[in-house]
Amino acid sequence: MQAVVVYESMYGNTHLIADAIGAGLRTAFDVSVVPVSHASAAVLNGADLVVVGGPTHVHGMSRASTRKAAVQAADKPASPLTVQPDALGPGLREWFGSLGRYPVKAAAFDTKVHGPATLTGRASKGIAHLLRARGFDETDRAREWGAKLAAVAVPS
Ligand SMILES: Cc1cc2nc3c(=O)[nH]c(=O)nc-3n(C[C@H](O)[C@H](O)[C@H](O)COP(=O)(O)O)c2cc1C
């Protein structure tokens with residue numbers, strides 16, 4: 001059984017969670033954890049489970065403009081932030097646009113600031129929507145699981 005975890009990450013938080021999800025899945029699957037910049041459609045070939053996650057930007061999924069803002073924030077002289085390789089590259093929105101239909105099980109996750117999603121928004125809502133639009137079998141339960149995992153695992 002094969003699982004693929006595809007993640008987008010500017011500063012590494014979502015990368016960290018993607019690695020943790022991948023480690024957990026290795027108890028039952030052969031797992032690949034792949035940044036969205038390297039996730040050609042071929043990485044999904046043969047997958048029995050696909051897990052997709054990204055950072056929450058402006059209450060939802062990132063856009064080119066929010067990724068640019070994230071890099072600019074990290075470039076400020078006093079910033080402790082470092083950006084991941086390919087941070088300015090295509091994000092999950094663009095990746096979904098390049099995909100065909102995949103009738104396989106899937107789950108969405110995100111990272112975000114602490115606080116209720118009604119205030120912060122959450123990228124996993126949009127990711128789940130796009131998963132379903134591409135024919136993935138995404139369940140609300142999986143999304144809730146991803147959100148809870150992200151909430152406990154990312155330091156504030
Ligand atoms: C441009 C920008 C916009 C953000 N907007 C939100 C937001 O609306 N809600 C939220 O909860 N977090 C927001 N955040 C915080 C990120 O979602 C959070 O720090 C996330 O863990 C970053 O993940 P990453 O390190 O994988 O990039 C924003 C961050 C950036 C850089």
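The values are calculated or read from the model by the stated rules, or taken from the named source; none is laboratory data. Note that the structure is predicted; figures quoted are calculated from it, not measured. Here Cβ is always computed from backbone atoms with ideal geometry, including for glycine, and neighbour counts include all displayed protein chains. Calculation scope for accessible area: heavy atoms of the full protein, side chains included, ligands and nucleic acids excluded. Shrake-Rupley method; radii C 1.70, N 1.55, O 1.52, S 1.80 Å.
General observations
- Note on the chain: lysine pairs with Cα distance below 16 Å, sequence gap of 8 or more or different chains, count 4.
- Karplus (6.51, -1.76, 1.60) ³J(HN,Hα), θ = phi - 60°, over the stretch 56-69, in Hz, Gly and Pro reported as x: 7, 10, 6, 6, x, 6, 5, 10, 3, 5, 6, 5, 5, 4
- Accessible-area ranking of Phe29, Phe96, largest first, probe 1.4 Å: Phe29, Phe96
- Sorted peptide list for 65-71, 109-115, 38-44, criterion being average Cβ within 10 angstrom, highest first: 109-115, 65-71, 38-44
- Rounded to 5, percent antiparallel among DSSP beta bridges of the chain: 5 percent
- Surface composition of the chain: carbon plus sulfur atoms contribute 57% of the solvent-accessible area (1.4 Å probe, protein chains only, all chains present).
- Cβ-placed point charges (K, R +1; D, E -1), dipole of the stretch 71-135 about Cα centre in debye, nearest 20: 400 debye
- Scaled against the 2.2 N^0.38 Å expected of a compact globular protein of N residues, the Cα radius of gyration of the chain reads 0.98.
- Helix-only [θ]222 nm of the chain, DSSP H runs n ≥ 4, -39500 (n - 2.57) each, per residue, nearest 500: -11500 deg cm²/dmol
- Charge dipole (debye, nearest 20) of the stretch 12-114; +1 at Cβ of Lys and Arg, -1 at Cβ of Asp and Glu: 300 debye
- Where a label projected 7 Å from the Cα of His59 along Cα→Cβ would reach, residues of the stretch 121-136 with amide N under 20 Å: 121-130
- Distance (nanometres) between label positions extended 7 Å along Cα→Cβ at Ala78 and Thr27: 4.5 nm
- Once backbone amide H atoms are built at 1.01 Å from N, Thr139 has Ala106 as its partners under 5 Å, excluding neighbours fewer than 5 places away on the same chain.
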